[in-house]
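The values are calculated or read from the model by the stated rules, or taken from the named source; none is laboratory data. What you see is a predicted model, and the numbers here were worked out from it, not measured in a lab. Backbone-built Cβ (ideal geometry, glycine too); neighbour counts: all protein chains shown. With ligands, DNA and RNA removed, areas are computed over all heavy atoms of the protein, side chains included. Shrake-Rupley method; radii C 1.70, N 1.55, O 1.52, S 1.80 Å.
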Amino acid sequence: MTTLIFVRHGEAEGNIKRHFHGFHNSALTENGREQIRRAALRLKDTQIDAIYSSDLTRAFETAQEIAKGRGLTVQIDERFREINGGQWEDVPWDDLPVRFPDSYGDWLNEPYRLQMPDGESMTDFSSRLVEASVALAQKYRGKTVCIATHGTAIRVLLCYFYGWPLERLNDVVWCDNAAITIVTYENGSFTVRVDGDNEHLKDISTLAKQDWWRK
């Protein structure tokens, strides 16, 4: 049995400014740096055999924090990048429904249909994430791999791990920055063991300070 531990990157500038950051390479906030320290402490006694990350800074720095003291080098896999927003990149969330009413409507109501202008479709995004996850699960049979990635990525992957069609993406709740999700892989299938654990964050939770995700 293989174990995959997914950690969402710590709070980044886009999370606070409320700008869409997919491929946009925003930096961690000071609160985000404390979040990843707490995530690393939460995983301190967990055996981890390999650590992977999206190539974007906010995820890579999260992975580096978890790797400290383990003698492991963070390995980059661009397939764990966030969705490519195309024309959405670095646009304030409040402006998206005005500038891109059709694609924003899909994002809210039928995200499985989403095709971002000059960006990536949700189906293509899902395919690259699933491909990368299966590849790691098969490469590291019987071991534990930690992967630092992004919020929409984890949401899409959980939809797959639960065995749901992408049409049920809105049934998957958002996880917090620096939250931990754990799945196991055996006999060709995934089982969700931990879904978006953020107990280690407490007073520095990002979602606790926001309400957009409740809508």
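Descriptive notes on the structure:
- Which of Tyr185, His150, Gln87, positive extreme of dipole for the chain (C-beta unit charges): Tyr185
- Modelled spin labels at Leu108 and Lys209, positioned 7 Å past Cα toward Cβ, are 2.5 nm from each other.
- Based on protein heavy atoms only, region 114-215 ends up with 45 Å² per residue of surface accessible to a 1.4 Å probe.
- Positive-end residue, the chain charge dipole about Cα centroid, Cβ charges, pick of Ser103, Tyr162, Thr2: Thr2
- Rounded percent of accessible protein surface that carbon and sulfur make up, region 111-187, 1.4 Å probe: 44
- The value of relative contact order for the chain, using C-alpha pairs under 8 Å at least six residues apart, is 30 percent.
- Gain on full stretching of the segment that runs from Lys139 to Asp95 - 0.36 nm per residue minus C-alpha separation: 11.6 nm
- Of interest is the spacing of the C-alpha centroids, which for region 113-157 and region 44-88 amounts to 13 Å.
- Computed [θ] at 222 nm, deg cm²/dmol, the chain (DSSP H ≥ 4; -39,500 (n - 2.57); rounded to nearest 500): -9500 deg cm²/dmol
- Karplus (6.51, -1.76, 1.60) ³J(HN,Hα), θ = phi - 60°, over region 190-200, in Hz, Gly and Pro reported as x: 9, 10, 7, 9, 9, 10, x, 5, 10, 4, 6
- The Cα-based radius of gyration of region 84-135, divided by its Kirkwood radius, gives an Rg/Rh of 1.04.
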